[in-house]
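The values are calculated or read from the model by the stated rules, or taken from the named source; none is laboratory data. Just so we're clear, the structure is a prediction, and the values are computed from it rather than from any experiment. Note: ideal-geometry Cβ built from the backbone for every residue, glycine included; neighbour counts use all protein chains shown. In case anyone asks, the SASA skips ligands and DNA or RNA and just uses the protein heavy atoms, side chains included. Shrake-Rupley method; radii C 1.70, N 1.55, O 1.52, S 1.80 Å.
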Amino acid sequence: MKLEERVAEATNDKKLKNDLIGEYQNFILAAVSKTLKRSVTTSDDEYIIAMMAFGDAIDGYNENKGNFLGFAKTVIRLSLIHISEPTRHAQ
């Protein structure tokens, strides 16, 4: 079964979703490290954010929009950028 089919099934199956997140741990770490331009481990907060983003990517994926891993990498990158932006206060 190809990845995109597994992702579609994982949308409604929490165990399968968690299994995919675990299976793609190295992909998630690599995406975080590339985005932040530094080494990241599973102990870093950014990794936890990226895992949640990977789960969000599973939930939001549409197979007609391209391959899943490209989509997931974008969701992870945008999540990390959003978290790292300083809070802007109205003056």
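Is it fair to say Met1 is loosely packed, with under 14 Cβ neighbours inside 10 Å and of a type in the set (A, V, I, L, M)?
yes
Take Leu20 and decide whether it is touching a residue at least 24 places away in the same chain (Cβ under 8 Å), open to solvent by 40 Å² or more (accessible area, probe 1.4 Å) and among the aliphatic types (A, V, I, L, M).
no
Go over the candidates Glu63, Glu9 one by one and state the one that is in contact (Cβ under 8 Å) with a residue 40 or more places away in the chain and over 15 Å from the mean Cα position of the chain (by Cα).
Sole residue among the options that is in contact (Cβ under 8 Å) with a residue 40 or more places away in the chain and over 15 Å from the mean Cα position of the chain (by Cα): Glu63.
Would you be able to tell me the number of residues in the range 46-91 that are surrounded by fewer than 16 Cβ atoms within 10 Å (Cβ to Cβ), acidic (Asp, Glu) and modelled with pLDDT of 95 or more?
Counting residues in the range 46-91 that are surrounded by fewer than 16 Cβ atoms within 10 Å (Cβ to Cβ), acidic (Asp, Glu) and modelled with pLDDT of 95 or more gives 2.
Mind checking which residues of the range 23-45 are β-branched (Val, Ile, Thr) and either open to solvent by 80 Å² or more (accessible area, probe 1.4 Å) or closer than 14 Å to Ala72 by Cβ (or both)?
Ile28, Val32, Thr35
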